[in-house]
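Peer 1: Here's a structure for you.
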Amino acid sequence: MNCDLIHDSLDAYFDRELDVLAARDFERHLNHCDACRVTFEHYRNRQRTVRAQLPYFQAPEGLVYKIRAQLRPGERHRDTPGTIAWRAWGVAASLVICLAFGALLFRSAVRSSTTQLLAEQVVSCHIRSLMANHLVDVPSSDQHTVKPWFNGKLDFAPTIKDLSSEGFSLIGGRLDYLDDHPVAALVYKRRQHPINLFLWPSSDSDSKPSALVIRGYHVVHGIQLHVACWAVSDLNSDELKRFVQDFEN
Ligand SMILES: [Zn+2]
């Protein structure tokens, strides 16, 4: 390589565009030619200065990956940290949704099995009261006689209503035991059908009356103002539901 060629090859050398042999010739010439070495040093210093003065921005990683993917379309695209993060969020969000849905299903299953168990107990209490001929402890059609009878026997004061004008006559009241605590049992009658109405305080939120059939008996239950209300009778479902609605209104 002569001096002119060295001068012409400076850019190519710095841009690593010379092949191995040409680069070796280039360096060998610099080792022996002071003039070219001075030019080379001068050129290198100028390049460093220019680089130091140019504003330099780090390209966002997503952009780098996109450009690489376009330059090498055949190459399988690697996930950018951004996509990986989004994918991780997606998986996490799906998991949270699955867990929440599972918890809802579980709670609803537990609630329905609890309701079923309670309904069984309610029906058993009803049958027991009829079999043992122990329908009432305080036989009275007067709500003002039945209500005070519960004083001191329960940790709440049950509401007692006169529903005789709606066709449900009060027979009396008694104490019973349900859901692991003492409850008020009010006894009403429609025609020849006795109705047991069980009341006790509940921490659950209010719910509208719904009906069940257990061992041939109709059961209607709801929660109003934090009082659980369970009515059971051999009366038909519609009339029993109306009884609970009349009682709650
Ligand atoms: Zn030279």
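Peer 1: Do we find a residue being of a type in the set (Val, Ile, Thr), surrounded by 10 or more Cβ atoms within 10 Å (Cβ to Cβ) and not in a helix (DSSP H, G or I) anywhere in segment 80-95?
Peer 2: Checked against the condition, which is being of a type in the set (Val, Ile, Thr), surrounded by 10 or more Cβ atoms within 10 Å (Cβ to Cβ) and not in a helix (DSSP H, G or I), segment 80-95 yields at least one hit.
Peer 1: Now for a separate question. Would you say Asn31 is within 12 Å of the ligand (Cβ to nearest atom) and part of a helix (DSSP H, G or I)?
Peer 2: For Asn31, the condition - within 12 Å of the ligand (Cβ to nearest atom) and part of a helix (DSSP H, G or I) - is met.
This table checks each residue for (1) of a type outside the set (Phe, Trp, Tyr); (2) in the same structural domain as Tyr217 (by TED's automatic domain parsing).
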{"residue": "Ala92", "(1), (2)": "yes, no"}
{"residue": "Phe101", "(1), (2)": "no, no"}
{"residue": "Gln121", "(1), (2)": "yes, yes"}
{"residue": "His134", "(1), (2)": "yes, yes"}
{"residue": "Ser141", "(1), (2)": "yes, yes"}
{"residue": "Pro148", "(1), (2)": "yes, yes"}
{"residue": "Arg174", "(1), (2)": "yes, yes"}
{"residue": "Pro194", "(1), (2)": "yes, yes"}
{"residue": "Ser202", "(1), (2)": "yes, yes"}
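Peer 1: Inside segment 1-28, can you point out the residues that are outside any helix (DSSP H, G or I) and either among the hydrophobic types (A, V, I, L, M, F, W, C) or within 8 Å of the ligand (Cβ to nearest atom) (or both)?
Peer 2: Hits for segment 1-28 are Met1, Asn2, Leu18.
Peer 1: Out of everything in segment 218-245 that is of a type in the set (Gly, Ala, Ser) and free of Cβ contacts under 8 Å to residues at least 60 places away in the same chain, what residue ends up being nearest to Asp179 (Cα to Cα)?
Peer 2: Top of the filtered list is Ala228.
Peer 1: Within the set of pairs 6 or more residues apart or between chains, which connect a residue that is aromatic (Phe, Trp, Tyr) inside segment 1-23 to a residue that is outside any loop (DSSP other than H, G, I, E, B) and surrounded by 12 or more Cβ atoms within 10 Å (Cβ to Cβ) with Cβ atoms less than 8 Å apart?
Peer 2: Here the result reads Tyr13/Ala23; Tyr13/Phe26; Phe14/Tyr43; Phe14/Arg44; Phe14/Gln47, each pair linking segment 1-23 to a residue that is outside any loop (DSSP other than H, G, I, E, B) and surrounded by 12 or more Cβ atoms within 10 Å (Cβ to Cβ).
Peer 1: Out of the residues in segment 34-56 that are more than 16 Å from the ligand (Cβ to nearest atom) and polar (S, T, N, Q), which is modelled with the lowest pLDDT?
Peer 2: Checked segment 34-56; the qualifying residue modelled with the lowest pLDDT is Gln53.
Residues are listed down the side, and each one gets a yes or a no for (1) surrounded by 15 or more Cβ atoms within 10 Å (Cβ to Cβ); (2) modelled with pLDDT under 95:
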{"position": "Ile214", "(1), (2)": "yes, yes"}
{"position": "Tyr217", "(1), (2)": "yes, no"}
{"position": "Val227", "(1), (2)": "yes, yes"}
{"position": "Asp234", "(1), (2)": "no, no"}
{"position": "Glu239", "(1), (2)": "yes, no"}
{"position": "Glu248", "(1), (2)": "yes, yes"}
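Peer 1: Restricted to segment 114-167, and to residues that are among the polar types (S, T, N, Q), at pLDDT 90 or above and loosely packed, with under 11 Cβ neighbours inside 10 Å, which residue is farthest from Asp246 (Cα to Cα)?
Peer 2: Asn151
Peer 1: If Lys208 passes every condition in (1) loosely packed, with under 15 Cβ neighbours inside 10 Å; (2) under 23 Å from Pro139 (Cα atoms) but one, which one does it miss?
Peer 2: (2)
Peer 1: Out of Ala69, Ala59, which single residue is away from the ligand (no atom under 16 Å from the Cβ), assigned to a helix (DSSP H, G or I) and not hydroxyl-bearing (Ser, Thr, Tyr)?
Peer 2: Of Ala69, Ala59, the one residue that is away from the ligand (no atom under 16 Å from the Cβ), assigned to a helix (DSSP H, G or I) and not hydroxyl-bearing (Ser, Thr, Tyr) is Ala69.
The values are calculated or read from the model by the stated rules, or taken from the named source; none is laboratory data. Worth saying up front: this structure is predicted, and the values here are computed from it rather than measured. Backbone-built Cβ (ideal geometry, glycine too); neighbour counts: all protein chains shown.
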